[in-house]
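Please read the structure below before turning to the comments.
The values are calculated or read from the model by the stated rules, or taken from the named source; none is laboratory data. Only a predicted model underlies this, so the values are computations on that prediction, with no experimental measurement involved. Neighbour counts are summed over all protein chains in view; Cβ atoms, including those assigned to glycine, are modelled from backbone coordinates with ideal geometry. Areas reflect the complete protein model, heavy atoms only, side chains present, ligands, DNA and RNA absent. Shrake-Rupley method; radii C 1.70, N 1.55, O 1.52, S 1.80 Å.
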Amino acid sequence: SAVISQKPSRDICQRGTSLTIQCQVDSQVTMMFWYRQQPGQSLTLIATANQGSEATYESGFVIDKFPISRPNLTFSTLTVSNMSPEDSSIYLCSLGGGTEAFFGQGTRLTVV
Amino acid sequence: AQSVAQPEDQVNVAEGNPLTVKCTYSVSGNPYLFWYVQYPNRGLQFLLKYITGDNLVKGSYGFEAEFNKSQTSFHLKKPSALVSDSALYFCAVRAKTSYDKVIFGPGTSLSVIP
């Protein structure tokens, strides 16, 4: 199974600022995914990040708010821009292909 | 489009009794199906998955799930519930297309009563 390291594990940020979340994988993967889990809610897919191309965003999520980088096959970042308290959530990166679906431990973001 | 339904927001069961957490799905073609558990203030933990073959899948912590293609269901079961099983359970589906996204159900909160 893959090992996913996600940083930071938690942060408290001021509204109007931005936070970049990093996801490092111990093996090369083609597709990485970013999810958001709002308090008391399920996981919602933000975008799919394919190395070498622009991320594909799900309905309700836009690149200006959640820019994603995927510079190589083991690393991705998600930035939460111009944060508001409504962005307070757990953000998780995920990878998988075929029969597997692995998740990082998540970044617990609180916006004050 | 893929979707997952978990019809029960909350399931309560007495310790020692069997438990069932329900899940139905909609996906084009044959699915990969997953169950995850999330304990308070902790990360998502994988329980089990259905890929192909035997419809009854056994997973971690004594959990099992039964895939029913005709009913498009993948209910999670355990013969004897423990208080420590109290947590949030998510069913998830991926279409059998390599590198496709995983879609989660809304979650079911399980409470096991001593």
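Using a probe radius of 1.4 angstrom, the carbon and sulfur fraction of the accessible surface of region A:4-111 is 46%. With θ taken as phi - 60° and the Karplus curve 6.51 cos²θ - 1.76 cosθ + 1.60 applied, the whole-hertz 3J(HN,Hα) list for region A:56-65 is 9, 9, 7, 4, x, 10, 10, 5, 5, 8 Hz, x standing for glycine and proline.
The smallest convex shape that holds all Cα atoms of chain B, its convex hull, gives 99 Å³ per residue. The residues neighbouring B:L33, those whose beta-carbon lies less than 15 Å from its own, together hold a net charge of +3 under the Lys/Arg +1, Asp/Glu -1 convention. Once the 1.4 Å probe is applied to the protein heavy atoms, chain B comes out at 47 Å² accessible per residue.
Whole-percent P(r), the protein assembly as shown, all Cα pairs, 10 Å bins from 0: 8, 33, 35, 20, 5, 0.
Only the Cβ atoms of Lys and Arg (+1) and of Asp and Glu (-1) were treated as charged; on that basis the dipole of the protein assembly as shown about its Cα centre amounts to roughly 140 debye.
Counting only Cβ charges, +1 for Lys and Arg and -1 for Asp and Glu, the dipole size of region A:27-112 around its Cα centre is about 140 debye. A cut-off of 5 Å between modelled amide H atoms, ignoring neighbours fewer than 5 places along the same chain, links A:I46 with A:W34, A:Y35, A:R36. Within chain A, antiparallel bridges make up roughly 90 percent of the DSSP beta bridges whose residues both belong there.
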